[in-house]
1. Please find, within region 9-30, the residue that is modelled with the lowest pLDDT out of those that are open to solvent by 20 Å² or more (accessible area, probe 1.4 Å) and closer than 24 Å to Q108 by Cβ.
2. Given the conditions (1) farther than 26 Å from C353 by Cα; (2) surrounded by fewer than 23 Cβ atoms within 10 Å (Cβ to Cβ), report the number of the one that P170 does not fulfil.
3. Give G318, G332 a once-over and let me know the one that is open to solvent by less than 10 Å² (accessible area, probe 1.4 Å), under 14 Å from M228 (Cα atoms) and under 24 Å from the mean Cα position of the chain (by Cα).
4. Please tell me if D350 is surrounded by 15 or more Cβ atoms within 10 Å (Cβ to Cβ), farther than 30 Å from K172 by Cβ and at pLDDT 90 or above.
5. What are the pairs with Cβ atoms under 9 angstrom where one residue, in region 403-416, is under 13 Å from P445 (Cβ atoms) and the other, located anywhere, is loosely packed, with under 14 Cβ neighbours inside 10 Å and among the acidic types (D, E)? Sequence gap at least six, or different chains.
6. Mind checking which residues of region 64-78 are part of a helix (DSSP H, G or I) and crowded, with 24+ Cβ neighbours inside 10 Å?
7. Which one of V99, V160 is open to solvent by less than 10 Å² (accessible area, probe 1.4 Å), closer than 23 Å to G269 by Cβ and β-branched (V, I, T)?
8. Which condition from (1) touching a residue at least 40 places away in the same chain (Cβ under 8 Å); (2) open to solvent by 40 Å² or more (accessible area, probe 1.4 Å); (3) within 27 Å of S270 (Cβ to Cβ); (4) part of a strand (DSSP E or B) is the one that Y462 breaks?
Amino acid sequence: MDSIWTKSCVIGRHAQLQQTVSADVAVIGAGMAGILTADALQQEGLRVVVLEAGGIGTGQSKNTTAKITAQHGLLYQKLLEEQGEKKARQYAQANLLAVDQYRRLVQQRKIDCDLEEQSAYLYGENCQQLAAEAQAAVRLGLSAEFLERPKGPIPCKGAVCLKEQAQFHPLKLIRALAEGLAIFENSPAVHLEDGRVFTPKGEVRAKKVVFACHYPFLNIPGFYFAKMYQERSYLVALKTAASFDGMWIGAEQPVYSLRRYQDLVLLGGSAHRTGENPGGGCYDALLLQARRWFPDYSLVAKWSAQDCMPPDHIPYIGPYSAAKPDWYVATGFQKWGMTSSMVAASILRDLICGRKNLYAEVFDPGRFNTSTLTTIALQTAQSAKGLGKRFLCNALLQAGDILPGQGGIVRIANEKVGVYKEEDGTLCLVKVQCPHLGCQLEWNPDEKSWDCPCHGSRFDRYGRLLDGPAQKEIKND
């Protein structure tokens, strides 16, 4: 299930790290955040090495809807209430600046990445709520406008419009920037000591380290596993005669996201917490909605994305932990990874270069508020539930109950085992204990994967690692 970005852009491969190299900064992760950060630091004259566990742009950057916008749903009224005007303004202005930074980067470097200006629309049925959101955005310096009965692809009563935003092809930009960087693929960071990052076959000695790997794989310090959870959403690319302008996202449940790319409509939705999709049907629900809006469509591609969700709706960008002053992090981007990646690159560049950044305060990973405390409690309860399932819940299925092409948990010799049945009836057995912190994995029928409901690690039907924070496979010995 490759995205249209993967289907339409090939990025040249880079060698694996097999020696010791030195750098001013080691960046872990070659997605949009890592590449933009590495490029920004290199433009400052620093020696930068990028380590990528797989291939360049093969993480979440290839699965995005690729919207570049400061319009992030029903957010600004909430930020004003919970964070106060100063921090809410920092968030709004940092993201607005990021849109302009993308535009200038593409123009100055003459990068062909299908960047085009579009208005961003937040649509819905509650006009009072939408009008209040528009007022909050204007108060924070955004040129937002409330529209009644806007002309768009979705029938709605109103929308908040933010003009002069953008959309693009993310992998084409990553490919262009990667050509000028020192990147090592198939080189996961497996261990860190002061000033040293170890990979399976090599080592980077660096003064500073940036974790730009979607979800930090180190639990301590930082405790990011307790401060956010992961969520999956699904996307389809549709060939249809329908035509519309702008990028659209819903303000109410169920939330749908739409934009165009060339002659395709990209429709996203069906979101759920990772590891909580036992019944499946997410793609079916999305295509059913597509049929209502675009009766003439034909399906071109379908894929899914994973997002880290912080409790206060603000990414963690800045120092990794007070205990590690030379480590930095960029995570918790929610559904807005492209804009947040540029925000991260700007903030981390300034912090590493010893400059003050006007917007860094609101994104500080060390912040602690009521939302954080609540999420830590909920995450602890979720982890306890996931751990308890291993010991308290019986496996109800027999191997014979599992249909070809599907999976489930069965009990074999008094032990729970994950079973996937091939179309020819062959059984593939895996451990159902997540190697991250031990939670019981759950079968995701839509993607034929084993997903962790505690912290979002994912494994394919054969036990191979798909998404962290886990670092190991779950294959049966």
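The values are calculated or read from the model by the stated rules, or taken from the named source; none is laboratory data. Just so it is clear, the structure is predicted and the values come from calculations on it, not from any experiment. All Cβ positions, glycine included, derive from the backbone under ideal geometry; neighbour counts span all protein chains shown. The accessibility values were calculated without ligands, DNA or RNA, using every heavy atom of the protein model including side chains. Shrake-Rupley method; radii C 1.70, N 1.55, O 1.52, S 1.80 Å.
1. Of region 9-30, the ones open to solvent by 20 Å² or more (accessible area, probe 1.4 Å) are 10, 12-16, 18-22, 24.
Now drop any that are not closer than 24 Å to Q108 by Cβ, which leaves 12, 24.
Details: G12: 91, D24: 97.
Only one residue tops the list, namely G12.
2. (2)
3. None of the other options fit; the residue is G332.
4. Against the criterion (surrounded by 15 or more Cβ atoms within 10 Å (Cβ to Cβ), farther than 30 Å from K172 by Cβ and at pLDDT 90 or above), D350 does not qualify.
5. Here the result reads P404/E422; P404/E423; P404/D424; G405/E422; G405/E423; G408/D401, each pair linking region 403-416 to a residue that is loosely packed, with under 14 Cβ neighbours inside 10 Å and among the acidic types (D, E).
6. Step one: filter region 64-78 for residues part of a helix (DSSP H, G or I), giving 76-78.
Residue satisfying the conditions is Y76 alone.
7. From the options V99, V160, the qualifying one is V160.
8. Evaluating Y462 over (1) touching a residue at least 40 places away in the same chain (Cβ under 8 Å); (2) open to solvent by 40 Å² or more (accessible area, probe 1.4 Å); (3) within 27 Å of S270 (Cβ to Cβ); (4) part of a strand (DSSP E or B) leaves (4) as the failure.
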